[in-house]
Amino acid sequence: MIKFLLFSLSFSHVFSIVASQALPSYSGRNGEWQLLHESVGISAMHMQLLHNNKVIIFDRTDFGPSNLSLPNGICRVDSSDTMLQTDCTAHSILYDIVTNGFRPLMIQTDTWCSSGAVLPNGTLVQTGGYNDGDRNIRSFTPCSDDEYCNWIEFPQSLIQRRWYASNQVLPDGRIIIVGGRRQFNYEFYPSSWNGVIFLDFLMETNDQGLENNLYPFLYLLPDGNLFIFANTRSILLDYNQNMVLKEFPKIPGDDPRNYPSSGSSVLLPLDENDAIIEPEIMVCGGAPRDSFIQAMQGNFIRAISTCGRLKVSVPNPSWTMEDMPMARVMGDMILLPTGDVLIINGAELGTAGWELGRGPVTRPIIYRPSDDVSNWRFSVMSPSPRPRMYHSSAILLTDGRILVSGSNPHVYYNFTNVEYPTDLSMESFSPPYLSPEYDPIRPRILSADEKMGYGGKLFWLSFQVQAYLTANVLSVTIVAPSFATHSFSMNQRMVLLKIAGVTDIAPSTYNLVVAGPSTAEIAPPGYYMLFVVHAHVPSYGRWVKIG
């Protein structure tokens, strides 16, 4: 592959653009919000946490200037740009979660509504976009603070244009790229000998003129096959043989859950302690089928309030439905270190699209999938003071907080005389487990191996906890950092590891031995956040490389 470095900048010491002190926090009865920055200069359409505790954030290049200048008088020159052929503002930033500082990055071609995944070596591979960027690949490799690092572009490296596609890291470290607008096929990165492979399912789930199958939900399953959900339907795909092995029942209600109806989804935690691991998919929210047309006419229909769970490996799978406390479209579903699911951001009325959402849902909810079905498994959290509508995103950080940013339901940046102005701020949400009242039972990892092998190979760590209870309430989880955009967190994954032994070595100090993931199908190779969880209270995460 021919690599092109399209720009050459030297601003390695620009990280302290904004003072590292966070602004005052907003406390609530259930969880706590904190305003980190009033403005980061761009709207966070896409976010990815990297293993050096920095976050890549980017928008699109074609709505004109952002509110953040490129340094040293540098400008992006692009004769294909539909708004500004010479643009001296940034459309991407690198945010440091430790210092709370950020610096601008250069993106050359349009990344609007693109996708991404992280390679096993920690490099972010970002795929597609719009206009002159729709077949480009861009990469970002983490580097230390005193080094230069920026986006590198690989023009025309995709076989087909990828706009609103989804990505999944595979057991061999490759990335599969599925779908996109008017793309009923998939391809691989690095490219494979068989190029682009047609998939009937993507054409069949396309609502004429409305689509409702963009950003399909993708999950690698423990058997090595791929689960794909689009619109209301889902299949099990052997992507090596291009064979659909099974079609699952439609989700009840016959209302679409993918963009622009924009529900959200997670693969619930995989538990290595189970004799047989049964993967289970959860899909929540979305918009009724005619919501897009109705919203275009000024009629904003109430969003979907149901969640469905599907155990995909049982002989006769069927959806189990539950009701959320409120309807939600454009929400983000995030796996917490405890194994619970946070649902955050979004609207109660309308659908995804320019000006098509109303009634922001500012209260996150936490869902406990392990609770008995007879119990109410949802808890309503404290509201954010800021609505996060179309083009907002959220990701889990190593310290257990949720980073939340973005919201721009307009064609361009628009801050005045609109119902929901473009929001360039950045917040964090701290779930209840971060409350100081849990500090006595909060574990703190003292040391841990940096690498973890497959096949149950043993892994050692030590931790402290002031008030240790019992090994029965102790667990170790690994979480793959996700690429978040448009209500779907690509490659999000959690595995509960098998504990081989716990020994006390000093007052309040313990050694812990766990078995690594059994296979790369359970945990594809790469960097994961490792958490020790004690009585449903997690430690801060520690990065570990698997494979």
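Quick rundown of the values:
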quantity: Lone qualifier among Thr99, Thr111 - being in the same structural domain as Ser262 (by the TED database), in a loop (DSSP other than H, G, I, E, B) and open to solvent by 30 Å² or more (accessible area, probe 1.4 Å); calculated: Thr99
quantity: Criterion (surrounded by 18 or more Cβ atoms within 10 Å (Cβ to Cβ) and at positive phi) met by exactly one of Ser407, Ser393; calculated: Ser407
quantity: Breaking point among (1) at pLDDT 95 or above; (2) open to solvent by less than 50 Å² (accessible area, probe 1.4 Å); (3) not assigned by the TED database to the domain that holds Val118, for Ser425; calculated: (3)
quantity: Looking only at region 358-375, and only at residues there that are open to solvent by less than 10 Å² (accessible area, probe 1.4 Å) and in a strand (DSSP E or B), the one that is nearest to Ser265 (Cα to Cα); calculated: Tyr367
quantity: Qualifying residue in region 136-143 (condition: assigned by the TED database to the domain that holds Pro104 and closer than 19 Å to Asn240 by Cβ); calculated: no
quantity: Pick from region 479-499, criterion within 17 Å of Ala535 (Cα to Cα) and assigned to a strand (DSSP E or B), ranking: most open to solvent (accessible area, probe 1.4 Å); calculated: Lys498
quantity: Members of region 42-65 that are surrounded by 24 or more Cβ atoms within 10 Å (Cβ to Cβ), under 17 Å from Trp112 (Cβ atoms) and not charged (D, E, K, R); calculated: Ile42, Ser43, Ala44, Met45, His46, Met47, Gln48, Ile57, Phe58, Thr61
quantity: Within region 253-292, considering residues that are small (Gly, Ala, Ser) and on the phi > 0 side of the Ramachandran plot, the one most open to solvent (accessible area, probe 1.4 Å); calculated: Gly253
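The values are calculated or read from the model by the stated rules, or taken from the named source; none is laboratory data. On a predicted model such as this, the values are computed, not experimentally measured, just so you know. Glycine also receives a Cβ, built like all others from the backbone with ideal geometry; neighbour counts cover every protein chain displayed. Accessible surface is based on the protein model in full, side chains and every heavy atom, while ligands, DNA and RNA are left aside. Shrake-Rupley method; radii C 1.70, N 1.55, O 1.52, S 1.80 Å.
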